[in-house]
1. From (1) closer than 26 Å to G67 by Cβ; (2) away from the ligand (no atom under 16 Å from the Cβ); (3) touching a helix residue (DSSP H, G or I) at 6+ places or on another chain (Cβ under 6 Å); (4) not β-branched (V, I, T), pick out the condition that doesn't hold for F334.
2. Go through V128, V146 for me and flag whichever is touching a strand residue (DSSP E or B) at 6+ places or on another chain (Cβ under 8 Å), surrounded by 20 or more Cβ atoms within 10 Å (Cβ to Cβ) and under 14 Å from G67 (Cα atoms).
3. Against the condition surrounded by 14 or more Cβ atoms within 10 Å (Cβ to Cβ) and away from the ligand (no atom under 16 Å from the Cβ), how does I365 come out, does it pass?
4. Identify, from the list K71, K79, K179, K168, the residue that is within 16 Å of the ligand (Cβ to nearest atom) and modelled with pLDDT under 90.
5. Looking only at helices (runs of 4 or more DSSP H) that fall completely inside region 291-374, which ones have 1 or more residues that are modelled with pLDDT under 85 and either touching a Phe, Trp or Tyr at 6+ places or on another chain (Cβ under 8 Å) or aromatic (F, W, Y) (or both)?
6. Conditions first: (1) at negative phi; (2) touching a residue at least 12 places away in the same chain (Cβ under 8 Å). P42 passes all but one, so which condition is the exception?
7. Looking at (1) over 16 Å from the mean Cα position of the chain (by Cα); (2) more than 16 Å from the ligand (Cβ to nearest atom); (3) touching a residue at least 12 places away in the same chain (Cβ under 8 Å), can you tell me which one Q297 breaks?
8. Filter region 259-306 down to residues that are farther than 15 Å from L157 by Cα and polar (S, T, N, Q), then give me how many there are.
Amino acid sequence: MVMPGPDEPSLEEMNYLLEPFVESMLRLEKGVEFTVHGHDDPEVSHSHLYCNISDLPSSRKVTGLQGHSSKFFMCPTCKTPSFSLAHPSCFDPSNFKDRDDWRYIKYSFRLRNADSATVDAIHENRGVHWSALNYLLGWMPARSSVVEFMHAVFLGLVKHLNRIILIKSGLLNGTRLVKPMDRLEAFFSGLVRPVEANRLPPSLSTGKGSPKVDQWRNQIAVLFVALYDAWAHLLACNTHPSDAETNRVNSAKMDCNLRQHYAVILEFSAAVCILSSQSISPDNVCRGRAALSHATQSWARMGCHLTPYFHFVNHFEQQMYEFGPCYATWAFAFERHNGKLAKINHNQHKGGELKATLMRQWWSITFNYELVRCLTLFSSLLD
Ligand SMILES: [Zn+2]
């Protein structure tokens, strides 16, 4: 499902645009016959819609829910308010109080033909607007909105850890004798990597460029080793603080104890490694979520600035039980296909002609691939 940007159509225009899509989805939900590989006759297939959240503002607009910066409706799944982002309870799933999706649907239908004052009151107090998606069978505004792992973890949490927690807060600032940032850069530049993981962010120290998601993914896998090397001297000097020092640190903007930060980053790396597995058992989902929850709570306790994504990822356990491992829902495949489409030459043409050009080129690539595959198969049979 392709969603428009947050500042494109109004809510009414959005619902108008969604109506033909909803009609098609209703037909697909009832069942449509498709040709199935390995079957002689067409088989009936039923479809179900879920919304893949890789763009928070747009997804909230399409589902009719309040934005992620809302005070009381930051999270559509539970009742955690946005101001609790500074407290560890915001990242502890045992404290979450779930919301009832049916209430969103009830109030959404109630405001559909209401006057503007009622619409505003319901939006303010119940956190929902009308969305044409509510016509779909089985559609739940919050539970059908899947937080996409790639954008949430690699472009959200890992990027924030590097840019804000490590660099902006000065944890990699050097002294006269020790330069942690230089050591970190030297470690990454001297790293011999396997062929399939050959890219890392261009430079941590300058923050220039826009690292791609697979670069962040590769970086978090080795960051704890690089930090151990960069902070080795400082960690040896930085022993556990006394009570007086702890009180002084707690009154500061952020706890800058390197030992504590290193322990949290180690736990966070383990959580990302477990949860980003291609196949995962329910026990490992539970272990990964517990490590992630513990790491995010520790950051909150240490006074780090955290964003709503640090809360949303704590819903991964339930999400993975319902939708499967992150490989089932993450956007790597879409992004790769977008990259292929972006490389197609269209001589700067825009508009309707462009769609036909892209489609023609796409089929050309597909047919060429099939041709090469058949020729390879044919030649192997001849051998
Ligand atoms: Zn929540």
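1. Single failed check for F334: (3).
2. Only one candidate passes the filter, namely V128.
3. The answer is no for I365.
4. Of the residues listed, the single one that is within 16 Å of the ligand (Cβ to nearest atom) and modelled with pLDDT under 90 is K71.
5. Where helices (runs of 4 or more DSSP H) fall fully within region 291-374 and carry at least 1 residues being modelled with pLDDT under 85 and either touching a Phe, Trp or Tyr at 6+ places or on another chain (Cβ under 8 Å) or aromatic (F, W, Y) (or both), they are 332-342.
6. (2)
7. Only one criterion in (1) over 16 Å from the mean Cα position of the chain (by Cα); (2) more than 16 Å from the ligand (Cβ to nearest atom); (3) touching a residue at least 12 places away in the same chain (Cβ under 8 Å) is unmet by Q297, namely (2).
8. Selection size over region 259-306: 6.
The values are calculated or read from the model by the stated rules, or taken from the named source; none is laboratory data. Here the structure is a predicted model, which means the values were calculated and not measured. Cβ atoms come from the backbone with ideal geometry, glycine included; neighbour counts cover every protein chain shown.
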